[in-house]
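Encoded as structure tokens, the structure appears first; notes follow it.
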């Protein structure tokens, strides 16, 4: 089980980075002013420079992908009920996602931002 988890995480990490990069490209295309928006401006302020912000987001995207890929093993627990699998997966993924989303400024830093995040995530 441990080897399977490690393999999933090692596959998921670069996938997380690739998806994150595709999202930043899509956002930049949607804005459509010819610039590449690699990170949220508030993250640049927090990190002190754009390159530091991009590096932090890359590391977080790797961790994010690894967490989601590792969590996929829950669906292979055939002795668990579908409800237990679903709730466990939801809890693990939301707890892995929230701190990254908060740190990367993907959500507003307020109670409303947190409530909105969990509301959207649970729906």
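The values are calculated or read from the model by the stated rules, or taken from the named source; none is laboratory data. From a predicted model like this one, the values you see are computed outputs, not experimental measurements. Note that each Cβ is placed from the backbone with ideal geometry, even for glycine, and that neighbours are counted across all protein chains shown.
Quick notes on this structure:
- Among the residues examined, residue 114 qualifies as at pLDDT below 95, over 22 Å from residue 9 (Cβ atoms) and part of a helix (DSSP H, G or I).
- Lone qualifier among 6, 17, 55 - being assigned to a helix (DSSP H, G or I), at pLDDT 95 or above and surrounded by fewer than 17 Cβ atoms within 10 Å (Cβ to Cβ): 55
- Residues satisfying the stated conditions in region 34-44, i.e. exposed (fewer than 13 other Cβ atoms within 10 Å of the Cβ) and either in a helix (DSSP H, G or I) or touching a helix residue (DSSP H, G or I) at 6+ places or on another chain (Cβ under 6 Å) (or both): 36, 41
Rundown of residues vs (1) surrounded by fewer than 16 Cβ atoms within 10 Å (Cβ to Cβ); (2) touching a helix residue (DSSP H, G or I) at 6+ places or on another chain (Cβ under 9 Å), yes/no style:
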site: 13; (1), (2): no, yes
site: 32; (1), (2): yes, no
site: 46; (1), (2): yes, yes
site: 49; (1), (2): yes, no
site: 62; (1), (2): no, yes
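- Every residue from region 92-108 that is at pLDDT below 90 and exposed (fewer than 13 other Cβ atoms within 10 Å of the Cβ): 95
- In this structure, residue 120 qualifies as surrounded by fewer than 13 Cβ atoms within 10 Å (Cβ to Cβ), part of a helix (DSSP H, G or I) and modelled with pLDDT under 90.
- Some residue of region 65-75 being free of Cβ contacts under 8 Å to residues at least 12 places away in the same chain and surrounded by fewer than 15 Cβ atoms within 10 Å (Cβ to Cβ): no
- Just one of the listed residues (106, 75, 80) is more than 18 Å from residue 42 (Cβ to Cβ) and outside any helix (DSSP H, G or I), namely 80.
- Residues that are closer than 26 Å to residue 119 by Cα and under 14 Å from the mean Cα position of the chain (by Cα) do not occur anywhere in region 73-83.
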